[in-house]
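Novice: This is the structure I want to talk about, given as structure tokens.
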Amino acid sequence: MTPISGTVIDISENRDTQSCESLINNTFTEKTIEKVKTISMDMWKPFMNTAKKLLSSSKIIHDRFHLVKYLNEAIDKVRKREVKQHEELKETRFVFLKYPENLTEKQRITFEEKAKANYEINRAWQVKE
């Protein structure tokens, strides 16, 4: 069998454990399951649990879109909490969520000013980067 790489092999209508198990069991034989080395998916629990159960020898790779989304949500949560203590962090949401190359000049200056201070948001942003 020729290895299939970077290809969608099948899809399922629902996002639950039963659908995931059916998808894997109806798509692969026991022999081909052993050959699956990596699986790309978002962080939906039924997907991860089913993959760990039925494709236990495979490595799970989470897609970049969802990783960045969750990291940005965490950064914004830190910013919202910290803005209550530091008024100067108001209106800085997009300063910490945009890619640095997409910042306006005003946002870049604000980012550089805030980056010099000892805010939790700075540490959260550094972890993301």
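Novice: Among the numbered conditions (1) over 16 Å from the mean Cα position of the chain (by Cα); (2) outside any helix (DSSP H, G or I); (3) surrounded by 12 or more Cβ atoms within 10 Å (Cβ to Cβ), tell me where residue 50 comes up short.
Specialist: Of the numbered conditions (1) over 16 Å from the mean Cα position of the chain (by Cα); (2) outside any helix (DSSP H, G or I); (3) surrounded by 12 or more Cβ atoms within 10 Å (Cβ to Cβ), the odd one out for residue 50 is (2).
Novice: Of all residues being β-branched (Val, Ile, Thr) and surrounded by 10 or more Cβ atoms within 10 Å (Cβ to Cβ) in region 10-28, which is farthest from residue 70 (Cα to Cα)? Just the residue, please.
Specialist: First pass over region 10-28, keeping only residues β-branched (Val, Ile, Thr): 11, 17, 24, 27.
Subsequent filtering for residues that are surrounded by 10 or more Cβ atoms within 10 Å (Cβ to Cβ) retains 17, 24, 27.
Values: 17: 22, 24: 27, 27: 30 Å.
The residue in question is 27.
Novice: Here is a follow-up. Output the residues belonging to region 102-119 that are surrounded by 14 or more Cβ atoms within 10 Å (Cβ to Cβ) and part of a helix (DSSP H, G or I).
Specialist: 107, 108, 110, 111, 114, 115
Novice: Out of 59, 80, 69, I need the residue that is at pLDDT 90 or above and in contact with a strand residue (DSSP E or B) (Cβ under 7 Å, 6 or more places away or on another chain). Which one? If you could, list the steps in order and put the result at the bottom.
Specialist: Details: 80 fails: in contact with a strand residue (DSSP E or B) (Cβ under 7 Å, 6 or more places away or on another chain); 69 fails: in contact with a strand residue (DSSP E or B) (Cβ under 7 Å, 6 or more places away or on another chain).
When all the criteria are applied, what remains is 59.
Novice: Quick one: in region 12-35, of everything that is part of a loop (DSSP other than H, G, I, E, B) and among the charged types (D, E, K, R), which residue is modelled with the highest pLDDT?
Specialist: Here is the first cut: in region 12-35, the residues part of a loop (DSSP other than H, G, I, E, B) are 12-16, 28-29.
Going one step further and asking which of them are among the charged types (D, E, K, R), we end up with 13, 15-16.
Values: 13: 85, 15: 86, 16: 90.
Within region 12-35, the match that is modelled with the highest pLDDT is 16.
Novice: Let me ask another. Of the residues in region 89-116, how many are out of contact with any helix residue (DSSP H, G or I) (no Cβ under 8 Å at 6 or more places or on another chain) and either modelled with pLDDT under 90 or farther than 19 Å from residue 68 by Cα (or both)?
Specialist: The qualifying residues number 9.
Novice: Tally the residues that are over 10 Å from residue 40 (Cα atoms) and basic (Lys, Arg), restricting the search to region 50-63.
Specialist: So the count comes out to 2.
Novice: Report yes if residue 68 is within 30 Å of residue 93 (Cα to Cα) and β-branched (Val, Ile, Thr), otherwise no.
Specialist: Taking the combined requirement at face value, the residue satisfies it.
Novice: A follow-up question, please. From the list 76, 42, which one is surrounded by 12 or more Cβ atoms within 10 Å (Cβ to Cβ) and either over 23 Å from residue 122 (Cβ atoms) or of a type in the set (Lys, Arg) (or both)?
Specialist: 42
Novice: Could you list, in sequence order, all residues of region 85-111 that are among the hydroxyl-bearing types (Ser, Thr, Tyr) and either out of contact with any Ser or Thr (no Cβ under 7 Å at 6 or more places or on another chain) or not assigned by TED's automatic domain parsing to the domain that holds residue 72 (or both)?
Specialist: The answer is 99, 104.
The values are calculated or read from the model by the stated rules, or taken from the named source; none is laboratory data. What you see is a predicted model, and the numbers here were worked out from it, not measured in a lab. Ideal geometry is used to build each Cβ from the backbone, glycine not excepted, and the neighbour counts take in all protein chains shown.
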